[in-house]
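K.L.:
There's a structure below that I have some questions on.
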Amino acid sequence: ERANPFFVLQRRRGHGKGGGLTGLLVGTLDVVLDSSARVAPYRILHQTQDSQVYWTVACGSSRREITKHWEWLENNLLQTLSIFDNEEDITTFVKGKIHGIIAEENKNLQPQGDEDPGKFKEAELKMRKQFGMPEGEKLVNYYSCSYWKGRVPRQGWLYLSVNHLCFYSFLLGKEVSLVVQWVDVTRLEKNATLLFPESIRVDTRDQELFFSMFLNIGETFKLMEQLANLAMRQLLDSEGFLEEKALPRPTRPHRNISALKRDLDARAKNECYRATFRLPRDERLDGHTGCTLWTPFNKLHIPGQMFISSNYICFASKEEDACHLIIPLREVTIVEKADSSSVLPSPLSISTKSKMTFLFANLKDRDFLVQRISDFLQKMPSKQPGGSGGGRKASTVDPAPEHPLAPAEATDQPSPTTPLGGRQGSSVQEAPTASQGLLKLFQGNSPMEDLGAKGAKEKMKEESWDIHFFEYGRGVCMYRTAKTRELVLKGIPESLRGELWLLFSGAWNEMVTHPGYYAELVEKSMGK
């Protein structure tokens with residue numbers, strides 16, 4: 001359209017009036033190849049006479065916009081460039097000037113801490129423009145795929161944002177544009193049939209959509225599932241649904257992953273961690289590392305993963321049911337680095353108030369790990385004035401006082417033996433809460449023999465659990481194995497139900513995290 005010795009302004013062929021076949025072809029290629037020309041039909045290039053390389057200086061969606069850029073270049077750069085003798089210097093100067101302008105623009109535009117890569121930002125802008133999305137609608141990720149319209153696949157781009165699933169395709173004049181809200185999705189599944197090779201099916205109340213030809217179908221499906229679940233949870237529990245703002249930021253962000261996608265991945269990891277070990281809702285995973293755990297019941301070093309968060313150290317064996325372990329930091333008394341040997345490289349022993357000691361080994365970064373654990377231990381609430389005592393290569397911490405909810409006898413045995421203990425002081429008289437299971441209160445002391453076959457069965461179950469406690473420990477720090485699972489499936493004896501269900505459901509951890517919550521509820525609802 002225009003040219004001078006240093007710059008050339010071009011219009012994309014097939015754009016504008018009477019594009020004809022060229023226009024259709026160009027439009028199709030733009031969408032399939034994700035060309036940014038879909039956004040910008042005009043551009044300005046910089047080139048010097050002897051150079052074979054063009055540099056894109058500006059692009060615009062309308063003639064008016066690109067003319068403005070052109071005039072700025074003519075007014076501000078042409079005179080300066082004619083002074084230079086060397087062509088390389090001219091190119092270096094132009095590039096430096098343009099980079100400076102871009103940096104200045106971005107500094108004003110982008111909020112601090114937003115490190116989304118350029119390609120991703122471009123896709124987000126494209127999505128907003130294409131589907132008329134508001135500023136606040138954040139893109140999580142985008143994928144190239146095919147949408148099946150009848151029996152015809154339409155190649156295009158799938159955009160997954162926080163609240164919407166969008167698809168756009170432009171093939172030889174035929175345009176397809178879809179927008180589906182996550183809250184409207186009723187069914188989401190990954191399947192493979194003769195008609196549709198490995199595809200993702202999305203159902204809403206009034207339509208069925210099929211997408212296929214993904215580069216990584218597993219990742220796409222997982223993200224879609226997560227966004228649909230997130231939208232549903234937000235809908236069901238709008239007050240309780242809080243954005244997890246305290247998610248750790250990676251030190252070196254991955255080039256092609258948005259900050260939002262990373263936050264969602266971290267959220268998924270946190271949810272998985274809490275669900276696996278039944279931990280309170282506000283527990284955040286700090287990190288995990290491979291290690292082995294010495295299991296005294298079968299005298300083996302079991303390989304697995306150690307997980308650490310602000311209030312818990314957990315272990316899960318590689319073999320699914322071999323062993324799970326949950327050590328609340330409130331129970332920890334000593335964390336000690338033992339001497340390394342060829343049999344036991346970089347071991348770490350953790351002792352608890354219930355006189356149990358756990359031996360981990362093969363820890364990659366043991367010093368850093370001990371430092372993290374001791375940092376968390378220092379943050380644990382302690383009513384005792386004394387700090388932490390030191391020992392040889394050890395970080396020792398004074399035992400925290402017993403919790404008001406825990407029974408008085410539980411100094412040796414931190415387990416929920418009297419789950420519904422009231423609070424101390426005057427409120428115990430006001431709020432009538434049972435200190436024992438109702439069955440124990442009202443059954444009287446009828447001897448087991450009178451209960452017949454049922455009684456004998458209960459007695460056998462109790463004995464099985466007693467043997468289990470002897471071998472695997474009792475209370476919150478017990479070794480949880482396939483044997484534990486078997487015993488639960490056979491049925492928990494009535495005398496142990498209060499203790500064990502509180503333990504295995506994770507309610508015991510909730511109670512200790514929120515002391516006095518139940519008594520408070522009783523108090524509030526008195527007489528209502």
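The values are calculated or read from the model by the stated rules, or taken from the named source; none is laboratory data. Only a predicted model underlies this, so the values are computations on that prediction, with no experimental measurement involved. Because the Cβ atoms are built from the backbone with ideal geometry, glycine has one as well, and the counts that use them run over all protein chains shown. SASA here: full protein model, heavy atoms, side chains in, ligands and nucleic acids out. Shrake-Rupley method; radii C 1.70, N 1.55, O 1.52, S 1.80 Å.
K.L.:
When the Karplus curve 6.51 cos²θ - 1.76 cosθ + 1.60 is applied with θ = phi - 60°, which whole-Hz ³J(HN,Hα) does each residue of the stretch 145-157 get, with x for Gly and Pro?
P.N.:
Here the 3J(HN,Hα) series is 6, 10, 10, 8, 9, x, 9, 9, x, 10, 6, x, 10 Hz.
K.L.:
Hey, if we sort 307, 442 by accessible area with the 1.4 Å probe, largest down, what's the order?
P.N.:
442, 307
K.L.:
Could I ask something else about it? So what does residue 380 come to for accessible area, using a 1.4 Å probe and Å² rounded to 10?
P.N.:
The value for residue 380 is about 40 Å².
K.L.:
Still on this structure, I have one more. Would you pull out the residues with amide H under 5 Å of residue 141's amide H, same chain only if 5 or more places away, H placed 1.01 Å from N?
P.N.:
Residues meeting the criterion, in which the H sits 1.01 Å from N, are 160.
K.L.:
Can you list the lysines whose alpha carbon is less than 16 Å from that of residue 174, not counting same-chain residues fewer than 8 positions off?
P.N.:
Within the straight-line cut-off, residue 174 pairs with 149.
K.L.:
Right, another one. Skipping prolines and chain starts, which residues have an amide H placed within reach, meaning under 5 Å, of the one on residue 171, given they are 5 or more residues away or on another chain?
P.N.:
176
K.L.:
Follow-up question, since we're still on this one. If the convex hull of the alpha-carbon atoms of the stretch 45-180 is projected onto planes in all directions, what is the mean projected area in square nanometres?
P.N.:
11.7
K.L.:
Suppose we look only past 14 Å in the calculated P(r) of the stretch 454-526. What percent of the Cα-Cα pairs does that tail hold?
P.N.:
66
K.L.:
Using a 1.4 angstrom probe with every protein chain in place, what is the largest-first accessible-area order of 368, 360?
P.N.:
From most accessible down to least: 368, 360.
K.L.:
Shifting gears a bit: List the pairs from 355/461; 457/483; 95/129; 129/222; 261/318 whose alpha-carbon separation is above 24 Å, in the order I gave them.
P.N.:
With Cα atoms farther than 24 Å apart: 355/461; 95/129; 129/222; 261/318.
K.L.:
Take the alpha carbon atoms of the stretch 332-363, find their center, do the same for the stretch 124-146, and report the distance between the two centers in whole angstrom.
P.N.:
Distance between centres, Cα-based: 51 Å.
K.L.:
How much solvent-accessible surface does residue 154 expose, in Å² to the nearest 10, with a 1.4 Å probe and all protein chains in place?
P.N.:
The accessible area of residue 154 comes to roughly 40 Å².
K.L.:
Something else: Order the peptides 159-165, 199-205 from the highest to the lowest mean number of other Cβ atoms within 10 Å of their residues.
P.N.:
Values: 159-165: 20.6, 199-205: 17.6.
Result, highest mean first: 159-165, 199-205.
K.L.:
Over the stretch 132-172, with a single point scatterer placed on each C-alpha, what log10 of the ratio I(q)/I(0) does the Debye formula yield at q = 0.34 1/Å?
P.N.:
Per q value, in the given order, log10 I(q)/I(0) is -1.15.
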